[in-house]
Every structure is written in C-alpha cells, then in structure tokens.
Amino acid sequence: MFLASFGALLAGAQNGAQTVLPDPLDSSYPAVITPTRLVQSLADVPASVTIISAETIERFSIRSIPEALRLVPGMSVIQATGPEYQISYHGTNTLSPRRMNVLIDGISVYRPAFSEVIWSQLPVAIEDVERIEVTRGPNSASYGPNSMLTVINIITKNPNDVPIGFAAGTAGTDGVRDLTARLGLRLGDTALRVTVGTSRDRGFDTLTQDAAGHDSIRNDHLSVRSQSRLGERSTLALQASVARGTAQIPFIDNFQQTYPDRRFEDIYAGARWTTQLAANHELSLRIDHARQSSRQPWTTCLPTVALLPEMFALWRANPTYADTIIKGGVPSGGTPGDDALAVAAIGAIQALGAGALAPRCGRANQDVVQRRLDLEVQDTFVFSDQLRVVAGLGLRRQGGESQTFLGGEQTSSVRWLFGNVEYRPTGHLTLNLGGYAERNSLSPSTFSPRAAANLRLAPGHTLRVVFSNGTRSPDIQEQRTNWSYRFDGMTPPLHGSTTTLFYQSRTGPGNLTSERIRSREVGYLLNAQSLGLLLDVRVFDDHLSSLISERTNLAGLVPTNAGSVRLTGAELQLTLRMPSGWNGYANYAYLDNRDATDILERTQWSRHSGAVGLSREFADGWEAAIAYAGQSGDGHQQSAYGRTDLSLSRAFSGNGTRWRATFGLQRLDSPTTAYSVGSAEALESRRSNRLAAFLRLGVTVP
C-alpha cells in the first residue's frame, strides 16, 4: 500500500503534476491535485472542489472556459462586453475581480502588474481541456497571495493520451466562428501535442457606450506540450503557448474619434523536471515565463485647456483647484504654492482667449507589457501510509511597462516557502495542515495557514471542517502607479510642440498592505456509488478585510486598505451518472453579502445562483442534453441572468475516423446585461435576439 500510494503521487508529477490518477487509498472517489499539490481523493482533500471534466464539456456543448465556470456553485460570471468578462467566486467588487488565481497546467495566467485575468485571451482551446479543478475557498496556503478566494486549475490533455489527429469547427449566430486542429506525435520517449485554433465572436448588438455594438473578439492561439522520459527515474514536461488577436473596445473617453481597440499578444512557456530520488521521495523543478503585451492606441480631440502644461502641474499639486478652473470657477483655500500654480494656469488660459476651448486632436494610448518569471522547487516525501508531506520554495521576478499607467517600467520580486502535511491517524480521519509564507517587495510579508479535518462517518459519508486564512498582495499598478495620458501628433501644435500631457494624473500611495480573508467552512460529502450519485454540501463564513475597494481611475479616490465585507452562505453540488445512459449535474449557492464598507464590494453578487443539466445517451450514437444556469443579480446595478441550452449530438465512424456532429440552441431569459462600473448609472449590453444557435462538427483520427 505504501509503494502504491507513492506510485500514484509520482504518476501525477510525471504528467506535469497535473494528470490525476485514481487515489489507491480510496478509488471510489474522484482524485484531485490542486488544493494541496498532493493527489488526494475528494474525501480527504481540505477544501470543496468542483471538477468539470472533458466529458461534461463535450456532452453539454460548452464553448469556452467562462461558460464552463457557470457550473461552479457560487461563481459569478458576467459578460460585460464581447471580450470582457467579470468573473469572481462570490463576486464582491465588479471593477476588479482580482482575488483569485487561474492556472493552465500549473502556469499562472494572472497578470502581475494589474491583478487581472483576461478570459477572452486565454491561450487554450476548450477541446484541449482534460478537466478544470476549482478549489472553492481560500487556497493561499498552497499557491500564495492572489489565491484569496479560489484557484481555478485548467488541466489540459496529456500528450500521451491524445490521438494522432483531431479537428473541429463551430459556426453560430452572433458571429461565432471557432476552428481547432490538434496533432499528436510519438518521438521515441517523447510524446508531443500541438494545437492551433481560432475563436471569433461578434459580441453584443448594442451597448450603452456604443449603439453600434463595437465589441467583437478574435483570438488566434497555438499551444505545444510535450512529455519526455529521461531514463527510469526522471521526466521532463515542456509547454509553450501564444494567443494573438484583437479585442474591440467601444469606449474610453467622451472625445474619442476612433475606437480604442486592443491588439494583444500573450506568450507563455514553462518546463518541469521531475525525478524520483527514492521509492518514497520525489523532487521537481519548475520554471515558467510569461509575456503579455497589448497595444491600444486611439485618436481623440480634447479642449486645449485640458492639455496645458500649467494645468498638469496644478492637478499634481491640487486636483480640486484644477477641476474648479476647468469648470470656470476661481479656486481658493489651498496653500500659497497652490495659489501660485493656479495663477499661472489662469494666465495661460487667458492668453489663449477663446482658443482655450478649441479642440486639439492627437493620439493617446494604453499600451502595456507585463512580464513574469517563476522558479520553484517542490519536494514530496511519503513517510508511510499515514503521513505524506509536500514542501517547496520559489522566486518570482515580475513587472510591467507602460508609459501611460506606470510612467515607464516598474518591477517587483517575490520569494516564498510553502508546505502541506497530510496525516491519517486512523482509517476514518485525515488531517491536513499547510501554509504559505511570502516576502514581496511591494508590500509587507504575509503568511497564509490552513488546517482541516476530514472524518469518515461511514462508508460514503465524510464530514469536513476547514479553517484557513488568505491574502491578496497589492499589484504594481495599485501601489506604484504613475498614471498620465501622453498626447502625441497633436494638431494644431501647442506652443510649437506636438506632444503634451492630459491635465489629470495619478501616483500610487506606496503604502498599501495585503487584502486578507479569514474563512471557516463545514462540509459534507456523500458518495452513493450504487446510485451513481456524488453530493457535496458546504456552509461557510468568510471575513474579508483590508480590502482595496476604491475605483482605480484618474479622478477617483486614492486607494486604501479601508474596505471590508462579510460573506456567508451555503453551497450544494451534485453529479449523477447512471448505467442507463442518464448523466446530470446540479449546483446551487446561497450567498449573503453583509457589512460592506464600500458599495463597490456589493456590485457583483447574487443571493441565489445555480445550474442544472441532464443528458441522455441513445442508440446509434445519439445524445441529447438540456441545461440551465442562472443568478439572481442582487449586486448594485447588476441584472439577473439566466440561459437555457439544448443540444442534440450524433457520433458516428467511417474510414477509420470518429465523427461527432452537434446542433445547439440557447435562449436567454433577458437579452440585456446590466453591470456597474462605479458610476451613477449602470452600463448595459444588449443582444437583439434572445435565441442563438450553433452547429459543430468534429473528427478524430485514432
């Protein structure tokens, strides 16, 4: 049993620490790896976990990662525009859903300079996804800050398991066009998987900020993953991916003359070397690099008064003075220095006369390049059938470069230690104790602990109690922003120059600390194998404090750690698999958002949310599925959401190939999505038709 336990652990590591094999200690439960970095059955893991399998994705014709996440209890998914998703576990602040970590085969796609995940730019085809593991609750104890609310681990298909060839295409209403092609190769002791694809979507038909609905998205992506055996004891996993395309952006400023479309190129690369030092001892070394680049220029015409250098200097000293002058008033109550700058600004305006209000046109941009380099060592030791330990340390160098947001380049460094101990004093009790210590050059050091006990009350019945703390470090833009808009190619020139700065600007406070969460959870897991039923129920009480709640913009408030909110509720998830060909799932979440100190912490949450799906396999390869997902939309300025999906598929073979054709229909409860951006009025995105349809055809060459 001891060697079998380590064998399963090693097998997971050899597949890039992402391929999950059945846990030999209890093969009646699904096994996961994300919560503790150890292969564990759901009955032993110190968290509630949602598993979305490739089979579920295909059976219910799920087109994208955001759509798949609607199957997660408590996950709030808002599509604000075609390329913009606001996704957060338990919601809270819709302006910055930045309190969760997203991994693709262990490589984080979390953007370090701006604490964001751009879902429409993920470099992964939905057909390449083997499973998605979502740890519902803080997982900072395993992955550190930014895993404050949840970790979403997207695990792609192992190169050893893919067929020689695969291709699929989807065409649908709203301009949906998807193409994917994958090649699987065996080169000696190396298995290789290469996938190319493109995804296009026209987005909404009308937007509050643009009646023409300028919000389409195009994402062309390439991913390569290999798995190599290096002798009897070692393996090497390599992966690289790139996503490139254009996201149409409808609006940035009231005076824009062209659309500020974003052209992006995101590159990820990683390597993991794993070696078995002894029968019960494994060591792995991981190195990852990411470069995320976007170019976002546009032409705008602004009143000359907003482009005067004297106004820029006055805003830096006293924003209220500058805004008073812009509105035609005379400022007062400031320092002598403020008064002197105001006199200079008023003099410059008077010298222009009526020309102070004349427009001057030029180019502005929100170009950004973000980089991250990670190095991590992980050591796993199996002492006995009762005791397993995983520990490690790492180093990260990260930064961002943007003349607009950062005034150039800003970097930071991070060092960390982590560990988790799994101890089974009896066959009925599993204890997990873990923690993650981090030193970040942007903010004070943090430590995130977790303790959990899983008690097997009877066969198929497990009680789980979890205590955990988590954090989110302030990002570079929050802490060190040097935000100003440079105006290039200005016509007519101002004082003989074609370059100037917009008068508003912002600098970072530099003294922010980490956001914090204290979480308590009680869960119950039922595994009724004879019925094909797996049920997970949890109740939770989360206290979030030191939150950076303020809206981040030029004219907004200075960010502070003054925010807090309490989230309490209950969640239920159920999966059903029957030999008669029926398969299904259901989830429900009840959430109470209380004691929020800032209205922004109540802009994305639903008291009631859930999803249900049922499928049936018939003879001759036919399969039908129906699903519904919805949320009550109780957040400030947030609308309710609901969608029904119907699909009919047929699988067939011919000439040594396997085919699958799917026709699907979708119906929205409402064609309008309303969401908050922290302003007096909500923004709305609207489709002209509540119905949508698609046709998909896929072929596999074994």
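The values are calculated or read from the model by the stated rules, or taken from the named source; none is laboratory data. Keep in mind that this is a model prediction, so the values were computed, not measured. A quick note on method: Cβ atoms are made from the backbone with ideal geometry, for glycine too, and the neighbour counts reach across all protein chains shown.
The selection criterion, being touching a residue at least 60 places away in the same chain (Cβ under 8 Å) and under 23 Å from the mean Cα position of the chain (by Cα), does not hold for Arg456. Residues in segment 660-696 that are in contact with a helix residue (DSSP H, G or I) (Cβ under 9 Å, 6 or more places away or on another chain) and modelled with pLDDT of 95 or more: Arg660, Thr662.
Listed here are the residues, each with its yes/no results for (1) under 30 Å from Arg272 (Cβ atoms); (2) touching a strand residue (DSSP E or B) at 6+ places or on another chain (Cβ under 9 Å); (3) at pLDDT below 95; (4) not hydrophobic (A, V, I, L, M, F, W, C).
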| residue | (1), (2), (3), (4) |
| --- | --- |
| Thr180 | yes, yes, no, yes |
| Gly203 | no, yes, no, yes |
| Gln209 | no, yes, yes, yes |
| Asn219 | yes, yes, no, yes |
| Ser223 | yes, yes, no, yes |
| Ser226 | yes, yes, no, yes |
| Arg229 | yes, yes, no, yes |
| Ser234 | yes, yes, no, yes |
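Summed over segment 565-590, the residues that are more than 18 Å from Pro73 (Cα to Cα), assigned to a strand (DSSP E or B) and either hydrophobic (A, V, I, L, M, F, W, C) or in contact with a Leu (Cβ under 6 Å, 6 or more places away or on another chain) (or both) give a count of 2. The numbered conditions (1) more than 30 Å from Asn432 (Cα to Cα); (2) outside any helix (DSSP H, G or I) are all true for Leu341 except (2). For segment 142-160, state whether one or more residues are more than 30 Å from Leu433 (Cβ to Cβ), surrounded by fewer than 18 Cβ atoms within 10 Å (Cβ to Cβ) and touching a residue at least 24 places away in the same chain (Cβ under 8 Å). Yes: one or more hits.
Taken together, the residues in segment 291-310 that are assigned to a strand (DSSP E or B) and touching a Leu at 6+ places or on another chain (Cβ under 8 Å) amount to 1. Filtering segment 522-551 down to residues that are touching a residue at least 40 places away in the same chain (Cβ under 8 Å) and under 27 Å from Leu512 (Cβ atoms), which residue is surrounded by the fewest Cβ atoms within 10 Å (Cβ to Cβ)? Going through the qualifying residues, I end up with Arg551. Residues that are surrounded by fewer than 17 Cβ atoms within 10 Å (Cβ to Cβ) and among the polar types (S, T, N, Q) within segment 276-309 comprise Ser293, Thr299, listed in sequence order. When Thr513, Thr500, Thr481 are screened for being touching a residue at least 60 places away in the same chain (Cβ under 8 Å), surrounded by 15 or more Cβ atoms within 10 Å (Cβ to Cβ) and under 30 Å from Leu352 (Cβ atoms), only Thr500 passes. On the stretch given as segment 412-453, residues that are over 15 Å from Leu387 (Cβ atoms), crowded, with 18+ Cβ neighbours inside 10 Å and in contact with an Asp or Glu (Cβ under 7 Å, 6 or more places away or on another chain) total 3. Only one of the numbered conditions (1) more than 23 Å from Asp178 (Cα to Cα); (2) without any contact (Cβ under 8 Å) to a residue 40 or more places away in the chain; (3) not hydroxyl-bearing (Ser, Thr, Tyr) is violated by Ala682, and that is (2). Has segment 198-205 got at least one residue that is on the phi > 0 side of the Ramachandran plot and of a type outside the set (A, V, I, L, M)? Taking every residue of segment 198-205 in turn, at least one turns out to be on the phi > 0 side of the Ramachandran plot and of a type outside the set (A, V, I, L, M).
Looking only at segment 208-244, filter to residues that are acidic (Asp, Glu) and outside any loop (DSSP other than H, G, I, E, B); which one of those is nearest to Ile107 (Cα to Cα)? Selected residue: Asp220.
Being more than 25 Å from the chain's Cα centre (by Cα), at pLDDT 95 or above and of a type in the set (Lys, Arg) is a condition met by no residue of segment 258-271. Restricted to strands (runs of 3 or more DSSP E) entirely inside segment 85-180, those with at least 1 residues that are of a type in the set (A, V, I, L, M) and either under 15 Å from the mean Cα position of the chain (by Cα) or within 17 Å of Ile51 (Cα to Cα) (or both) are 85-89, 100-104, 129-136, 150-156. Would you confirm whether or not segment 224-234 contains a residue that is without any contact (Cβ under 8 Å) to a residue 12 or more places away in the chain and among the charged types (D, E, K, R)? Checking segment 224-234: at least one residue is without any contact (Cβ under 8 Å) to a residue 12 or more places away in the chain and among the charged types (D, E, K, R).
It is to be established whether one or more residues within segment 219-238 are under 30 Å from Pro359 (Cα atoms), out of contact with any Pro (no Cβ under 9 Å at 6 or more places or on another chain) and surrounded by fewer than 17 Cβ atoms within 10 Å (Cβ to Cβ). Taking every residue of segment 219-238 in turn, none turns out to be under 30 Å from Pro359 (Cα atoms), out of contact with any Pro (no Cβ under 9 Å at 6 or more places or on another chain) and surrounded by fewer than 17 Cβ atoms within 10 Å (Cβ to Cβ). For the condition touching a Phe, Trp or Tyr at 6+ places or on another chain (Cβ under 6 Å), assigned to a strand (DSSP E or B) and over 29 Å from Glu550 (Cβ atoms), Gly642 does not qualify.
When you scan segment 643-657, do you find a residue that is farther than 22 Å from Leu576 by Cα, at pLDDT below 95 and polar (S, T, N, Q), even just one? For segment 643-657, residues farther than 22 Å from Leu576 by Cα, at pLDDT below 95 and polar (S, T, N, Q): present. Residues that are in contact with an Asp or Glu (Cβ under 9 Å, 6 or more places away or on another chain) and among the small types (Gly, Ala, Ser) were ranked within segment 388-411; the one that is surrounded by the fewest Cβ atoms within 10 Å (Cβ to Cβ) is Gly408.
For segment 543-554, check the following and say yes or no: at least one residue is more than 30 Å from Asn318 (Cα to Cα), of a type outside the set (S, T, N, Q) and in contact with a strand residue (DSSP E or B) (Cβ under 9 Å, 6 or more places away or on another chain). Within segment 543-554, one or more residues are more than 30 Å from Asn318 (Cα to Cα), of a type outside the set (S, T, N, Q) and in contact with a strand residue (DSSP E or B) (Cβ under 9 Å, 6 or more places away or on another chain). Quick check on Ala611: is it surrounded by fewer than 18 Cβ atoms within 10 Å (Cβ to Cβ), in a strand (DSSP E or B) and of a type in the set (A, V, I, L, M)? The answer is no for Ala611.
When Asp475, Asp385 are checked against the criterion of being of a type outside the set (Gly, Ala, Ser), on the phi < 0 side of the Ramachandran plot, at pLDDT below 95 and buried (at least 21 other Cβ atoms within 10 Å of the Cβ), a single residue qualifies: Asp475.
What are the residues in segment 263-279 that are hydroxyl-bearing (Ser, Thr, Tyr) and either free of Cβ contacts under 8 Å to residues at least 24 places away in the same chain or within 24 Å of Glu116 (Cα to Cα) (or both), if any?
Passing the criteria: only Tyr268.
Once segment 324-377 is narrowed to residues that are among the acidic types (Asp, Glu) and without any contact (Cβ under 8 Å) to a residue 60 or more places away in the chain, the residue that is surrounded by the most Cβ atoms within 10 Å (Cβ to Cβ) is Asp338.
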